[in-house]
Every structure is written in C-alpha cells, then in structure tokens.
Amino acid sequence: MERQQHSDDPQQRELLRVCRIGRAQGLKGEVTVQIFTDEPEYRFAPDSVLYTRDGSQEYVVEYARAFKNRWIVKFEGIDDRDASEAANGIELYGEADDPEDMLEEDAWYPKDLVGLEARLAEGNGLSLPAGQVIGKVVDVLDSAQTLLKIRLASPVRDAVTGEVTESTALVPFVDELVPDIDLEEGYLTIDPPGGLIPGL
C-alpha cells in the first residue's frame, strides 16, 4: 500500500490533486475514488504512482475501471476490506506534467487559468467588439463539467436601487465557449451565447 518513494526530494515535485479515496468496494481491497482530474484514464493507468500531499508515501495503481460514472481503483498493498476502509479519506496527488509538453498539447492546469483576463472572442456570436474585457477568472470549479468563475468588469446593477445584482458569471470551460488561451499574455477569450454573461 504505502511505499517510501525514491525521489531525491519529494518537496521539489509539483503535485496536483488527483483523487480522494472513498468507500471500500467489495472485499478485495478495491476503493471508490472522488476524482479531481479530467484525465482519469491516464492517472489511474496500471503502475501509475500517486502520492500523499507531502510526497512521503506512494500509492501504486494495480488496476482501475469506470463503473456508472464512478472510478473504482485497486492499489498495490491494499488487499482486503480492512485496508481499503483504513484508506478512506486520503487525498492523492500526481506529478505535474512537463509545462512545455502541455503547451504543445493545449493543456492547462486550473491554477494557470486563475487571474487571466477574460475578453470577448473575435467574431463572437453577440456581435460585440473583439477584445472587450468581460472580467477576470477568479476560480475554476470542478463539478459535472469544469466552470470558469469570472468576476465581471462591469457588475450588473439594479436599475432602481443601484445595488449590484450580478458580479460574477460561470462559463463552461469548453472549446466552443473558450476558444483561445494565452498564458504568456495573461488572457483568454470567450464566445458566449446570449444570456450567459450578465449585462451582455
């Protein structure tokens, strides 16, 4: 189950949260996991190594399978129900991929997106000026689908009271709505349908 990991210094590794171990599944050491990754097939491939938060312990994937929108994982050394129940609640992390490789694949981590300026895409469906600043990404929410939480540059105010009624918007993080991301320039573009961004 837990092996001392062999890297020179686990603290030097950039670790990203992958999953939280949940309930035992059956009697052979399998566990359900709550996933925090959009690449479970990669993270739970046989012989993949996940780590506790401080990097001091390894959990090696023996095998994994998806079942009814859940993932069930068997880790090496967790071989019975008692061991799998003892692991309940442990959060596991994986090593970050090489940043240059990720750029080539158009992949980003949520922390990379927070702080980016959100601008309207060129040729957007609202026929508004390209580059118009919508706001700033303040959070990335993982639910059934990944959502960008954007703090609006122009909060919506009540016409009568003048009080702010809408100060943020949630934008699904999909190619159709977020066509361009430029980490170096610090912005992303959004092509929102009508009604998605308050005030537009």
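The values are calculated or read from the model by the stated rules, or taken from the named source; none is laboratory data. Bear in mind the structure is a predicted one, so any value in this text is a computation, not a measurement. All Cβ positions, even for glycine, are placed from backbone atoms using ideal geometry, and neighbour counts span all protein chains on display. The area values use the complete protein model at the heavy-atom level, side chains included, leaving out ligands, DNA and RNA. Shrake-Rupley method; radii C 1.70, N 1.55, O 1.52, S 1.80 Å.
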- Query: Using 7 Å Cα-to-Cβ label points, what is the THR161/GLN34 separation (nm, one decimal)?
  - Reply: 3.4 nm
- Message: From the protein chains alone at 1.4 Å, what is the descending order of accessible area for LYS28, LYS74, LYS136, LYS149, largest first?
- Response: LYS28, LYS136, LYS149, LYS74
- What is the set of long-range amide H partners of VAL178 at a cut-off below 5 Å, with H atoms built 1.01 Å from backbone N? ASP191
- Along the stretch 63-72, what does the Karplus equation 6.51 cos²θ - 1.76 cosθ + 1.60 (θ = phi - 60°) give for ³J(HN,Hα), rounded to whole Hz, x for Gly and Pro? 6, 8, 8, 8, 8, 6, 6, 10, 10, 10
- Item | Accessible area (Å², 1.4 Å probe, nearest 10) - THR189 | 10 Å²
- Message: Helix-only mean residue ellipticity at 222 nm, the chain, DSSP H runs n ≥ 4 weighted -39,500 (n - 2.57), per residue, nearest 500. What is it?
- Response: -2000 deg cm²/dmol
- Potential extension, GLN145-GLU41 segment - 0.36 nm per residue separation minus Cα distance: 35.8 nm
- Query: How much length is gained on full extension from GLU185 to ASP82, taking 0.36 nm per residue of separation minus their Cα-Cα distance?
  - Reply: 32.0 nm
- Surface per residue (accessible, 1.4 Å probe) for the stretch 130-189, Å²: 61 Å²
- Message: Of the candidates VAL61, VAL174, VAL137, which one comes out as most mobile in a Gaussian network treatment of the chain with C-alpha springs shorter than 10 Å?
- Response: VAL174
- Report relative contact order for the stretch 26-102 in percent, whole number only (criteria: Cα-Cα under 8 Å, sequence separation at least 6). 37 percent
- With all protein chains present and a 1.4 Å probe, how do VAL140, VAL133 order by accessible area, largest first? VAL133, VAL140
- Query: Under 5 Å between amide H atoms, partner at least 5 residues away or on a different chain: which partners does GLN132 have, H built in plane at 1.01 Å?
  - Reply: LEU120
- Query: Roughly speaking, to the nearest percent, how much of the chain's 1.4 Å accessible area is carbon and sulfur?
  - Reply: 45 percent
- Query: Accessible area per residue of the stretch 8-84 at 1.4 Å probe, in Å²?
  - Reply: 56 Å²
- Item | Calculated on alpha-carbon atoms, Rg and Dmax of the chain in Å | 20.9, 65
- Message: Restricting to bridges with both residues inside the chain, how much of the DSSP beta-bridge set is antiparallel, in percent to the nearest 5?
- Response: 90 percent
- Message: Test of understanding: in a Gaussian network model of the chain with alpha carbons linked when under 10 Å, which of LEU148, LEU177, LEU16 would top the mean-square fluctuation ranking?
- Response: LEU177
- Note on the structure: Each label sits 7 Å from Cα toward the beta-carbon; between ARG70 and LEU128 the label points are separated, in nm, by 4.2 nm
